[in-house]
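S.K.: Have a look at the structure that comes next, please.
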Amino acid sequence: MNVNNIEYKLLNVKELAEELGVSRRTILNWHQAGVIPSKINFRRTIRFSLTDVLETLEDKAGKLHREKNK
């Protein structure tokens, strides 16, 4: 997925899960583990920048790929 073509918007847990094709529990687990960045965490409301999350996941995937191929 090309992150340069995605407009900047904030998504809730459900919306982000749908965009990424994973469960809401996965999003919450990733958030709690610090795998993905959040923008707003206020009174049980978490919002994520789709662009930031995709960039982070692509970066992590690239690092894993490079480490695996050493």
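S.K.: Per 0.36 nm of contour for each residue apart, how much would the distance between Glu58 and Asn12 grow if the chain were fully extended, relative to their Cα-Cα spacing?
M.R.: 14.6 nm
S.K.: At 0.36 nm per residue, minus the direct Cα-Cα distance, what do Thr51 and Lys39 gain on full extension? Give it in nm, one decimal, please.
M.R.: 3.2 nm
S.K.: I need the phi-derived Karplus couplings for segment 16-28: 6.51 cos²θ - 1.76 cosθ + 1.60, θ = phi - 60°, integer Hz, Gly and Pro marked x.
M.R.: Here the 3J(HN,Hα) series is 5, 4, 5, 4, 8, x, 10, 7, 4, 4, 4, 4, 5 Hz.
S.K.: Between the DSSP loop rule and a limit of at most 11 other Cβ atoms within 10 Å, which trypsin sites (Lys or Arg not before Pro) in segment 22-56 are left?
M.R.: Passing both the DSSP loop test and the Cβ count: Arg43, Arg44.
FYI, it's all coordinate maths here, none of it is from the lab. If you're wondering where the values come from, they're calculated on a predicted model, not measured in any experiment. Because the Cβ atoms are built from the backbone with ideal geometry, glycine has one as well, and the counts that use them run over all protein chains shown.
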